[in-house]
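Scroll down for the structure; my scribbles are underneath it.
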Amino acid sequence: MDRRSFIKSSAALSSGLFVSFSYADNKTVASGNAIVNPWLQISPDNSATVFVARSEMGQDVYTSMTMLIAEELDYPIGKIKVIMAPNNPALYGNAMLGGAQITGGSSAMREAWDKLRMVGATAREMLIAAAAEKWKVPAASVTASNGMLTSGSHRATYGELAADAAKQQHSGKPTLKSAKQYKFIGKKVPRLDTKAKVNGTAVYGVDVREPNMLAASLAMCPVIGGKVKSFDASVAKTVKGIESIVEVPDGVAVLAKDYYTAKKARDLLKIEWDFGPSRAVKDIAQVEEGLRQAAQKTGAIVNKAGNVDNPLDGAVKKVSAEYMLPFLAHATLEPVNCSASIANGECHVWGPIQFQQGASAVAAAASGLPESKVFIHTTFIGGGYGRKLELDFISQAVSIAKASGKPVRMIWAREDDMTHDFYRPISYHQVSGGLDASGKLVGLSTKMISPSVTARAFPGFVVNGNDPFMSEGSGNITYGVPNLRIENVIHDTGIRVGYWRAVSNNLNAFAIESFMDELAQSAGKDAVEFRMGLLGKHPRAQKVLSTAAQKAGWGKKRTDGRSLGIAQMECYDAYVALVAEVSVKDNVPTVHKLTCVVDCGIAVRPDQVRAQLESAILLGFSSAMKNKITFKDGATEQRNFDSYPMLRMSEAPTVDITIIEGGDKPSGMGEVGVPLVAPAIANAITRATGKRPRSMPFLA
């Protein structure tokens, strides 16, 4: 019995829960007896299906995006069926990310907020118009609620009038509900994917099974980017159960009926490698020295005010500091995997995919088929953090399928995942600030030196040396500073890098929020008071900061040997503040409590906002306290969780979250909780010890 069958049989012993749903657009048509558009389908039996175009990786698009349609449609959300949308950027492109069909940047809810509500409202108004026409009554007398249409003695389900509704003309500008009319938004709504994930019917990448599909294990060069020079498979072929051994651009793949047989034989391959240019990366000290040297270059100025050339001119007191952040791995619970089949002139790809449009392109290239013959089937994702935006595993699976002539399910081992990641960029920061005689900040200059993910993945977005994602957390700084210069320098270290949860917000928040504490100390002011004085143009930021300070007991005399550190920022349209409560014994810090306050605009599903923050804060804890990726002769030194440890349950601090609704639209929430953990802890450690940590991890 495999893992999936075991879960299913176990779950059968208990009662189940609910299920799924999908989308809609502004072009609605009749199909048979149903009302259909790309996002929503209402069938004659009064069932409703919603098509979700963003990948579900735990961030809850499955439920929260469906809520938007269900709210305006006024249909029981628990009865909606959800389907992952197919690859079709023209219908399902993400307007916030250049129109590509992609999930990232905490953009799903922000991009869908108006669009999907309009889908539901349009369908509702078309149903009402159809009912009014059929019953020959004024439209104002027709009520649409809970999947039923009524007017006086007339009653019909949405499904009964779906075909008639699809023939109605609509302006495309429906009247949306007011917040007071919401039935689902902002309320406690159960997740629609819980039942499938509990009873084992949810399909993740490793659960994909197609007829005659073989498992594949791929041997890759220890140095990322290296290629096969030659290989000897004579010993590997002696393993019973081996079906095939093929060479592909990224290595040598062994195919068998089960993964463990394939992996056993793979480890017996004798391969001579051409290690490629990354072999020249001797160690992490060499990388860090390269960043320091690159700081001499002039970069792109991404935010400025006043005297941008010399922002500290006229300051009575000047302060400066340097910070260094390490490479990090994504280390998702679900290692990389992908399935592919090429047959009858078509290529089908199944897997945990965040970037469907890119997946289609690389699958076409690897298979030699036109994109019109490539079909992407997105499964549930067991942890993304940005890793499943990459396309390497898709190209590999398709290449193995093509070389072997068999449908394949390629699975990476944890060691493959840790050693062949697209790592969060290392970054080096030079920060300086100037104070006047009263201790007020009059000038700030920051210079960030880091590899650019965008220059590798989407080079067209880098203009004049400016990677727009490198300025997250600095280009949108909330502090009012009369003279400001924020500068970024792109420096290629020879190590490939990728987007990592919260991207550059993490890097810039650590440098800027650590430095704000250093400035406050130099000014002789309280850290909260100092920040509040600079946030006059951002009352929402002031509110979350003051609320977090109040809840954490900031300013109260402590007798428990613990110290507090605070940080605040705006990211993904949310305002957030976080207080860390820390003690230090024998130079070892212990984090006892993290108090987080967020203004997320409208909290569409508050339970999920809280869950997102909790998970992100604990991920931020691991990265701040424990995680670092290093290299030896171009190869990653960490291979598994023994050398890249994550937070253990026994180490988990208390997490206290307060949600404030301060705007008329929802912010992104998938990444907001990560960036402030490190600077808040660093600021608390400094208060406890008098020594400031300027690099991570703090427990190294």
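Since every read-out is calculated from the coordinates, none of them should be taken as a lab result. Fair warning: this is a prediction, and the values are worked out from it, not measured in the lab. Note that each Cβ is placed from the backbone with ideal geometry, even for glycine, and that neighbours are counted across all protein chains shown.
Here are the numbers for the structure shown:
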read-out: Arg155 paired with Ala90, simple spin-label distance in nm, labels 7 Å along Cα-to-beta-carbon; value: 4.4 nm
read-out: Charge dipole of segment 343-446 about the Cα centre (unit charges at C-beta), most positive-ward option of Ser360, Ile376, Ser399; value: Ile376
read-out: For segment 168-181, 3J(HN,Hα) per residue [Karplus equation, 6.51 cos²θ - 1.76 cosθ + 1.60, θ = phi - 60°, Hz, x = Gly/Pro]; value: 6, 7, 9, 5, x, 10, x, 8, 8, 5, 7, 4, 5, 8
read-out: Computed magnitude of the charge dipole of the chain (debye, nearest 20; Cβ of K, R +1, Cβ of D, E -1); value: 1020 debye
read-out: Ala567 long-range amide H proximity, modeled H, under 5 Å; value: Leu578
read-out: Mean Cβ count within 10 Å, highest first, over the residues of peptides 422-435, 556-569; value: 422-435, 556-569
read-out: Protection-proxy order for peptides 531-543, 446-458, 496-508, each taking the mean of Cβ atoms within 10 Å per residue, highest first; value: 496-508, 446-458, 531-543
read-out: Spacing of the two label points (7 Å from each Cα toward its C-beta) at His592 and Asn464, in nm; value: 5.1 nm
read-out: Under Karplus coefficients 6.51, -1.76 and 1.60, residue-wise ³J(HN,Hα) of segment 347-362 in Hz, glycine/proline x; value: 10, 10, 10, 10, x, x, 10, 9, 10, 5, 5, x, 4, 5, 5, 6
read-out: Three-way shape call for the chain based on the alpha-carbon gyration tensor, with the a/c threshold at 1.5; value: oblate
read-out: Extended-chain gain in nm, criterion 0.36 nm per residue less alpha-carbon gap, Thr201 and Leu699; value: 175.2 nm
read-out: Amide H within-cut-off set for Val248, under 5 Å, with H built and near neighbours excluded; value: Ala253
read-out: About the Cα centre, charge dipole magnitude for segment 589-700 (Lys/Arg +1, Asp/Glu -1 at Cβ), debye; value: 500 debye
read-out: Net lengthening on full extension, Gln169/Glu289 (0.36 nm per residue, minus Cα-Cα); value: 36.7 nm
read-out: Förster radius 45 Å - calculated FRET efficiency between Thr559 and Asn212 (Cβ-Cβ, nearest 0.05); value: 0.05
read-out: Per-residue HN-Hα couplings for segment 270-284 [Karplus 6.51, -1.76, 1.60; θ = phi - 60°; Hz; x = Gly/Pro]; value: 10, 10, 9, 10, 9, 6, x, x, 5, 4, 6, 7, 5, 6, 6
read-out: The chain - mean residue ellipticity at 222 nm from DSSP helices (-39,500 (n - 2.57) per run, n ≥ 4, rounded to 500); value: -8500 deg cm²/dmol
read-out: Distance in nm between pseudo-label sites at Lys282 and Asp313 (7 Å out along the Cβ direction from Cα); value: 4.2 nm
read-out: Of every Cα-Cα pair in segment 438-481, the percent that sits beyond 17 Å; value: 44 percent
read-out: Efficiency of FRET between Val137 and Ser178 - r from beta-carbon atoms, R0 22 angstrom, step 0.05; value: 0.30
read-out: Amide H contacts of Asp656 (H built 1.01 Å from N, under 5 Å, at least 5 apart or other chain); value: Leu594, Thr595, Cys596
read-out: The chain - share of DSSP beta bridges that are antiparallel (%, nearest 5); value: 75 percent
read-out: At R0 = 25 Å, FRET efficiency that the Cβ-Cβ distance of Glu651 and Lys188 yields, to 0.05; value: 0.25
